[in-house]
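Report on one structure; see the data block that follows.
The values are calculated or read from the model by the stated rules, or taken from the named source; none is laboratory data. Because the structure is predicted, anything quoted here is derived from the model rather than measured. Here Cβ is always computed from backbone atoms with ideal geometry, including for glycine, and neighbour counts include all displayed protein chains. Ligands, DNA and RNA are excluded from the accessible area calculation, which covers all protein heavy atoms including side chains. Shrake-Rupley method; radii C 1.70, N 1.55, O 1.52, S 1.80 Å.
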Amino acid sequence: MEKSIEEVVGELLHGDIQQIAKELVAYLRTNGMDFEPGKGYWEDQLYWMVKYQGEYICYILVNGTGDEEKFAPFTVWSDDSNSAWYKDFPLDEAMKELAWKHVDFCENCGGSCSPGKSKIIFGREFHRVCRTTMRFINPDLMELACIKKMVEIRKKDVLKGFSKIYTG
């Protein structure tokens, strides 16, 4: 029987990172998100694709192993965010700076995004950005707030139908 993300977080994470992970998972569940276990490359990892109304919102990895060990014990990636999704969303400067700090640059891992692409993220252009626009490894409380804001932005886009218009 496959364990839920709540069970994995409760068993494998400890201290502050466990509390942050629990808070994020509860937030996602409260906002109607579904958790789908990883497939393909991610099938043997404790990896979840988080979806809202069938659209990807973010991805979560707990205790990555092998090549993904650098992301242990807890990492959250944003979806394949199209920069147009961020264009009109009001965000204060401090939150923009935090988001910019977590831009996920392509590491030529062999994925379909190599060598990355240019994206405008909250008014600033970045080059060689991975298909997951942001990555948060072991987020603290401020970074958790930023993750929640990114989820809010993406959820609003799904509700507006932008995900069907803009494809990465």
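Structure notes:
- Packing, as the average of other Cβ atoms within 10 Å across residues, places the peptides 25-32, 53-60, 89-96 in the order 53-60, 25-32, 89-96, highest first.
- The stretch 5-166: relative contact order as a whole-number percent, Cα under 8 Å and 6+ apart: 21
- A simple count of charges around LEU13, restricted to other residues whose Cβ falls under 12 Å of its Cβ and scoring Lys, Arg +1 and Asp, Glu -1, yields -4.
- Close amide H contacts of ASN138 (hydrogens built in the peptide plane, cut-off under 5 Å, sequence separation of 5 or more or a different chain): PHE74, THR75, VAL76.
- Modelled label positions at SER118 and LYS101, each set 7 Å beyond Cα in the direction of Cβ, lie 2.7 nm from each other.
- Backbone N under 13 Å from the TYR41 label point (7 Å along Cα→Cβ), restricted to the stretch 123-150: 130-132
- Percentage, to the nearest whole number, of Cα pairs in the chain over 27 Å apart: 20
- When the solvent-accessible area of the stretch 1-46 is split by element, carbon and sulfur atoms take up 50 percent of it, the probe being 1.4 Å.
- Residue of LYS155, LYS22, LYS39 that the Gaussian network model of the chain assigns the largest fluctuation, springs spanning Cα pairs under 10 Å: LYS39
- Surface analysis of the stretch 5-166 yields an accessible area of 51 Å² per residue, using protein heavy atoms and a 1.4 Å probe.
- For ILE121, residues with placed amide H under 5 Å, excluding near neighbours: PHE126
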